[in-house]
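The next block holds one structure in the form of C-alpha cells; read it before the comments.
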Amino acid sequence: MREYLLTLCITAAVTYLLTGPVRKFAIVAGAMPEIRARDVHREPTPRLGGIAMFFGLCAGLLVADHLTNLSEVFEKSNEPRALLSGAALIWLIGVLDDKFEIDALIKLGGQMIAAGVMVMQGLTILWLPIPSVGSVALTQWQGTLLTVALVVITINAVNFVDGLDGLAAGMVCIAAAAFFLYAYRIWYSYGIEAAAPATLFSAILMGMCIGFLPHNMHPARIFMGDSGSMLIGLVLAAGAISITGQIDPDALKLFAGSEKAAVHQTVPVYIPLLLPLTIIAVPAADLISAIVRRTWRGQSPFAADRGHLHHRLLEIGHSHSRAVWIMYFWSALIAFGSLAYSVNSASMWIVLGVVFLSAIGLVLLLLPRFTPRAPMWAQHIVPPRYRRRRRAAAAECVEVEQRAPVAVGVAGVNGATALSARSSVPERRKAESSR
C-alpha cells in the first residue's frame, strides 16, 4: 500500500507542477478556442491540460517500475507497456484536436486504433464470468471487439461529461478510488497477483486527476481538453479490462457451501462485470441520452448541444459549483455503493443506506424548485438569498424604480440611463474644434 500511495503522490505532484507551464504554453500556442454557444465559461480559457496529465502518467509508471514490489508488475505482465502505448496514441490525437479541431470520425477511428494497440500487446478480455453459467472463454475476435467497444464507450462517456470546471476530473477520480479499493481487495485478500496491474492503473489515475483538479476547479485556469478527457477515459477502461478479463473467477475459490451461500459469496466474481459500468453510470447515461436526443432531432450523434446533464442542472437553478458537487455525489453513491455491496451483499444496511442517500440526493437536486423562507432566528445563519429582509428590500427597490419617473437632467439613475438637458458630445466636439 505504501508503494501505491507513493506512486499516487508522485503522479499528482508531477501533474500539478507541470500544469502551470503547460497553461503558458497553450496560450502561446494559441490553443484558446473561441467561446461556443454550448460553453458555460465566459472568457477564453487555454486547453492542452492533458499534456501535464500524460507526463504525470509517465512519471507514475516510471516510479512504479523502480519500486521493490510494484516492479514485479512490469516483469510478470505486459499490460503497463500496453497502457502506455495506447495512452500515447490517444493523447497525441487529443493534442491535435485541442489545437486544430479535427473531425469527430477521425477521433473515433483513433480511439479504436488505440484500443487495438493495447489488444495487440495483451491487454484484452479473455473470458467473462456469467451468472448461472460460469466462466465463458472468448475467442480472439470476440475479446478484441468487446475490448474495443469498452474502451470507446468509456472514452466518449468521460469526454461527454467534460462540460463544467472540474467535473470530469473529479468524477473520474471518484471512480478510480472505488476501483482501486476493489482491485486492491482482490489482490490482497485473495492473493491474486493478476489484479496488481489494475490496482496500479487506478492509483496512477487518481494521481493524475488530483494533481490537475486545483487548476481546473471553478473558475478554471486551464481545461484538460480532449487530450486529457480521452486519456483518463482510456486509463479507466484499461483498469476495467485488466481486472475483468484477465482474472480467472475460479481462482477466487468461492464456489462452496449451500446454493444460497454460494450466491452471496460469488458476488465479487460478478462485480467486475458491473463495476466498470457503475463507475461511469452518470457519464454513460449522459452519453446515451445525448445520442437519443440528437438522433431524434435528425442530427449527428456527435453534434454539440446544451442538453447534457450539467447544462440541465444549471437551467434548473443550481450554481456552477453546486452542479459539480451534485454530480460528484451521485458518482460516489453509485461507485461506492456497488463496492460496499460487493464486500457484503447480504447486509440490508447497505441497501437502506444507499436508498437514504439517494433520497438526500433527490432533495439536493430539486432544491432550486423550492423557495424556502428561513425563520427570523436563522437570518444570520442562512445564505443571503434566503433572508427575508433582503428579499423584501430588493422587492421594494424594484417596485420604487418601476413607479418613479425618470426626470430629465437628473444624474445617477442606474448609472448610464440618466439624460441631461444638454448633451456633452457637442460640447466636447466644439472644444476639440477650437483647439
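The values are calculated or read from the model by the stated rules, or taken from the named source; none is laboratory data. Since the structure is predicted, the reported quantities are computational estimates derived from the model, not experimental observations. Glycine gets a Cβ as well: all are built from the backbone with ideal geometry, and neighbour counts include every protein chain shown. Only protein heavy atoms, including side chains, enter the accessible area calculation; ligands, DNA and RNA are left aside. Shrake-Rupley method; radii C 1.70, N 1.55, O 1.52, S 1.80 Å.
For the range 107-209, which chymotrypsin sites (Phe, Trp or Tyr not before Pro) are both in a DSSP coil and crowded by at most 16 other Cβ atoms within 10 Å?
Tyr190
Averaged per residue, what accessible surface does the range 167-219 expose to a 1.4 Å probe, in Å²?
Roughly 26 Å² per residue, with all protein chains present.
Principal axis extents for the range 44-144, Cα atoms only, whole Å, descending order, please.
54, 40, 23
From the residues Gly116, Thr144, Phe55, which one has its Cα farthest along the dipole of the range 54-198 in the positive direction, the dipole being from +1 and -1 charges on Cβ of Lys/Arg and Asp/Glu about the Cα centre?
It is Thr144, whose Cα lies furthest towards the positive end.
For Cys58 and Thr295, what does the FRET efficiency come to when R0 = 41 Å and r is the distance between their Cβ atoms, rounded to the nearest 0.05?
Computed FRET efficiency for Cys58 and Thr295 comes out at 0.60.
Given the Cα-Cα distance of Met1 and Ser358 and 0.36 nm per residue of separation, how much length would full extension add, in nm?
The span from Met1 to Ser358 would gain 125.3 nm if fully extended.
Please sort 2-12, 165-175 by packing, taking for each peptide the average over its residues of neighbouring beta carbons within 10 angstrom, highest first.
My ranking of the peptides, most packed first, is 165-175, 2-12.
What percentage of the solvent-accessible surface of the range 43-116, computed with a 1.4 Å probe over protein heavy atoms, is contributed by carbon and sulfur atoms?
After summing per-atom areas, the C and S share lands at 66 percent.
Taking amide H positions as placed in the peptide plane 1.01 Å from N, state which residues far from Gly49 in sequence (5 or more) or on other chains have amide H under 5 Å from it.
When sequence neighbours closer than 5 places are left aside, the close amide H contacts are Phe223, Met224, Gly225.
Can you check what the Kirkwood hydrodynamic radius comes to for the range 108-202, Cα pairs only, in Å to one decimal?
After inverting the pairwise mean of 1/r, the radius is 15.2 Å.
Excluding ligands and nucleic acids, what accessible area in Å² is computed for His218 using a 1.4 Å probe, to the nearest 10?
100
Hey, can you find the accessible area per residue of the range 9-108 for me, probe 1.4 Å, expressed in square angstrom?
On a per-residue basis, 51 Å².
Of the peptides 74-85, 329-340, how do they stack up when ordered by the mean number of other Cβ atoms within 10 Å, highest first?
329-340, 74-85
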